[in-house]
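A.B. asks: Could you have a look at this structure, given as structure tokens, before my questions?
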Amino acid sequence: MQENGTSKVTVLYFAAARDITGIASETFSVPHSLGDLTSILTTKYGEELRKILDHSLYAVNMDYVEKDLETNTVLKDRDEVAIIPPVSGG
Amino acid sequence: MSTANKTFVQLFTNPLPSLDEASQLVASDSAGAISTFSGTTRDHFQGKQVLKLEYEGYGPMAEKILQQIIMEARDKWEIQHVLVYHRLSEVPIGEASVIIAVSSAHRKEAMQAVEYLIDELKARCPIWKKEFYLDGSVWKGTCEGCTSDREHRHGHSVA
């Protein structure tokens with residue numbers, strides 16, 4: 001985290017999430033945790049993205065974060081956070 | 001011998017190599033078995049005609065997860081060489097979207113490892129399939145919490 005307590009993170013959007021945001025990635029200053037990022041994202045993109053987030057996992061620097069650990073996952077400067085909607089490869 | 005075990009993981013935007021080529025890559029004189037899997041794109045979903053399919057991936061993480069899954073398979077079974085290739089971008093109907101090949105001294109290990117690899121790939125690898133119909137398109141998604149193993153839609157689909 002920076003001195004002022006916020007972290008600059010890059011957020012990546014894929015599949016259904018990217019259809020809503022219309023962009024592949026953007027940068028946010030997040031006060032503390034993944035839970036704070038969820039608030040920022042739903043404020044910006046509304047109910048449509050919230051529904052996606054409910055069914056998605058975050059990956060921080062390419063590691064999945066379990067759903068119940070989101071509020072406790074503290075973000076650092078330059079973290080890469082991806083929204084991973086339910087996957088359907090194969 | 002385990003130090004010589006080879007792993008091939010790659011994402012392609014072009015057509016995948018053939019199963020023959022994949023088999024040759026994992027072949028080994030000490031392997032009595034090569035087991036392969038090929039997943040191909042289907043032309044229908046619940047009675048609807050699928051016109052085309054598109055795959056999108058979080059490439060670096062997809063490769064990382066595939067490497068992890070392969071390490072897990074190596075822990076579970078005595079297998080030799082492993083290949084997992086997945087295709088991204090548009091895939092015409094009937095073409096392979098994923099191929100897997102595993103060699104082992106005896107057949108059971110290779111066959112079980114192949115099944116594990118495709119199951120875990122489908123559950124964990126950050127790749128998404130979009131199906132295009134006459135009346136729209138849908139991102140497909142499965143949910144880890146679901147008990148049904150049938151493909152189905154979740155609330156995230158788009159019209």
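The values are calculated or read from the model by the stated rules, or taken from the named source; none is laboratory data. Just so it is clear, the model here is predicted, and its values are computed rather than measured. Note: ideal-geometry Cβ built from the backbone for every residue, glycine included; neighbour counts use all protein chains shown.
A.B. asks: Is it true that some residue in the range B:94-110 is of a type in the set (A, V, I, L, M) and closer than 25 Å to A:A16 by Cβ?
C.D. replies: yes
A.B. asks: Might you let me know whether the range B:54-62 holds any residue that is more than 14 Å from chain A (Cβ to nearest Cβ) and touching a Phe, Trp or Tyr at 6+ places or on another chain (Cβ under 7 Å)?
C.D. replies: No: zero hits.
A.B. asks: Tell me, which residue of the range A:1-28 that is hydroxyl-bearing (S, T, Y) and either assigned to a loop (DSSP other than H, G, I, E, B) or surrounded by fewer than 14 Cβ atoms within 10 Å (Cβ to Cβ) (or both) is modelled with the lowest pLDDT?
C.D. replies: A:T6
A.B. asks: Sticking with this one: Report whether or not A:T43 is away from every other protein chain (no Cβ under 11 Å), at pLDDT below 95, surrounded by fewer than 17 Cβ atoms within 10 Å (Cβ to Cβ) and farther than 20 Å from B:M61 by Cβ.
C.D. replies: no
A.B. asks: May I pose another question? Filter the range A:51-90 down to residues that are more than 11 Å from chain B (Cβ to nearest Cβ) and assigned to a helix (DSSP H, G or I) and give me whichever is surrounded by the most Cβ atoms within 10 Å (Cβ to Cβ).
C.D. replies: Going through the qualifying residues, I end up with A:E70.
A.B. asks: Here are B:S28, B:S35: which of them is among the hydroxyl-bearing types (S, T, Y), away from chain A (no Cβ under 13 Å), over 28 Å from A:E80 (Cα atoms) and surrounded by 18 or more Cβ atoms within 10 Å (Cβ to Cβ)?
C.D. replies: Result: B:S35 is the single residue among B:S28, B:S35 that is among the hydroxyl-bearing types (S, T, Y), away from chain A (no Cβ under 13 Å), over 28 Å from A:E80 (Cα atoms) and surrounded by 18 or more Cβ atoms within 10 Å (Cβ to Cβ).
A.B. asks: For the list (1) more than 21 Å from B:A105 (Cα to Cα); (2) surrounded by 14 or more Cβ atoms within 10 Å (Cβ to Cβ); (3) away from chain A (no Cβ under 14 Å), I need the number of the one condition that B:P15 fails.
C.D. replies: In the conditions (1) more than 21 Å from B:A105 (Cα to Cα); (2) surrounded by 14 or more Cβ atoms within 10 Å (Cβ to Cβ); (3) away from chain A (no Cβ under 14 Å), B:P15 misses (2) alone.
A.B. asks: Looking at B:R87, B:R74, B:R42, which one is within 14 Å of chain A (Cβ to nearest Cβ), out of contact with any strand residue (DSSP E or B) (no Cβ under 7 Å at 6 or more places or on another chain) and touching a residue at least 40 places away in the same chain (Cβ under 8 Å)?
C.D. replies: After ruling out the rest, the residue left standing is B:R42.
A.B. asks: Taking the range B:85-134 only, how many residues are in a helix (DSSP H, G or I) and touching a Pro at 6+ places or on another chain (Cβ under 7 Å)?
C.D. replies: 0
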